[in-house]
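Quick notes on the structure that follows.
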Amino acid sequence: MIKITNLKKNYITKDCVVEALKGVSFDVKPGEFVAIMGESGSGKSTLLNCIGLMDFFDDGEYELNGSKINGMTTKQLNLARRNNISFIFQNYELMRNYSVYENIEVPLLAKNMKFKLRKNRIEEVAEKLNIAEYLKNYPYQLSGGQQQRVAIARAMVSDNPLILADEPTGALDRKNSTALMEYLLLLKNMNKTILMVTHDKNMAEYSDRIIYIEDGKIV
Ligand SMILES: Nc1ncnc2c1ncn2[C@@H]1O[C@H](COP(=O)(O)OP(=O)(O)O)[C@@H](O)[C@H]1O
Ligand SMILES: [Mg+2]
């Protein structure tokens, strides 16, 4: 699903150059659940954002779901992102003025799915994540755990093969974190490939494999 070779990324600021990724290489097979661990500032989010095509890398090679990312036009990158990748963030990143239903609907609108199909699909996914009774509510009316389940529903509904999660349990208590991992395993059982950044060893243990990153390098 993911094949990256010698990925490098610098941030250039007014007064210095930060080498955030110093040549990172690894593969992730389809259906694998991989955790990425490392200290704060080690480059985990940078790596995830590059893999998620949310940010550009400076050097190295990246093959996503059989397609070479190097040399793609902006239009091709947007398509590759839309058809392959769903993100789950630490702070949920739901749209405040959209209902739960509308939040989950966003990826389906992007795919031009018809109303009736969208409705069926959203209700089915909401059922799986135990948020069916909140579809008309707004994110601020929900607990953190419930909001993150909406974010998972949004990732699930799009049916994209790759789920990227950046500290998805970072804002949740232990009970909600454990519950969330069970929902991520649900995605894995649907054959999704999952790449999850976490600080928490207990959460990383739900994965098939842990990659450790230190100062922009895999260790
Ligand atoms: N937009 C940015 N501009 C400048 N430096 C950045 C930016 N984003 C991240 N960095 C730096 O890059 C390094 C890696 O950051 P990050 O990938 O966010 O680490 P992590 O997610 O592991 O905490 C850090 O030194 C951080 O300060
Ligand atoms: Mg981070």
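The values are calculated or read from the model by the stated rules, or taken from the named source; none is laboratory data. Quantities reported herein were computed from a predicted structural model and do not represent experimental measurements. Because the Cβ atoms are built from the backbone with ideal geometry, glycine has one as well, and the counts that use them run over all protein chains shown. Just so you know, the surface numbers come from the protein's heavy atoms only, side chains and all, with ligands and any DNA or RNA stripped out. Shrake-Rupley method; radii C 1.70, N 1.55, O 1.52, S 1.80 Å.
Checked against the criteria, residue 67 does not count as within 27 Å of residue 172 (Cβ to Cβ) and either touching a helix residue (DSSP H, G or I) at 6+ places or on another chain (Cβ under 9 Å) or open to solvent by less than 50 Å² (accessible area, probe 1.4 Å) (or both). Filtered by the rule that a residue be near ligand 1 (Cβ under 7 Å from one of its atoms) and crowded, with 20+ Cβ neighbours inside 10 Å, segment 1-41 gives 20, 38. Does residue 200 meet the test of being out of contact with any Cys (no Cβ under 8 Å at 6 or more places or on another chain), open to solvent by 40 Å² or more (accessible area, probe 1.4 Å) and away from ligand 2 (no atom under 16 Å from the Cβ)? Spelling it out, it is not the case that residue 200 is out of contact with any Cys (no Cβ under 8 Å at 6 or more places or on another chain), open to solvent by 40 Å² or more (accessible area, probe 1.4 Å) and away from ligand 2 (no atom under 16 Å from the Cβ). Just one of the listed residues (86, 67) is out of contact with any strand residue (DSSP E or B) (no Cβ under 8 Å at 6 or more places or on another chain) and among the small types (Gly, Ala, Ser), and it is 67.
A Cβ distance below 9 Å, combined with a sequence gap of six or more or placement on separate chains, defines the contacts here; from segment 33-54, residues that are closer than 15 Å to residue 8 by Cα reach residues that are near ligand 1 (Cβ under 7 Å from one of its atoms) and among the hydroxyl-bearing types (Ser, Thr, Tyr) in the pairs 46/11. Determine whether residue 47 is within 12 Å of ligand 1 (Cβ to nearest atom), open to solvent by less than 30 Å² (accessible area, probe 1.4 Å), over 22 Å from residue 156 (Cβ atoms) and in a helix (DSSP H, G or I). Yes: the conditions hold for residue 47.
Every condition in (1) under 19 Å from residue 36 (Cα atoms); (2) more than 16 Å from ligand 2 (Cβ to nearest atom); (3) open to solvent by less than 40 Å² (accessible area, probe 1.4 Å) holds for residue 206 except the one numbered (3).
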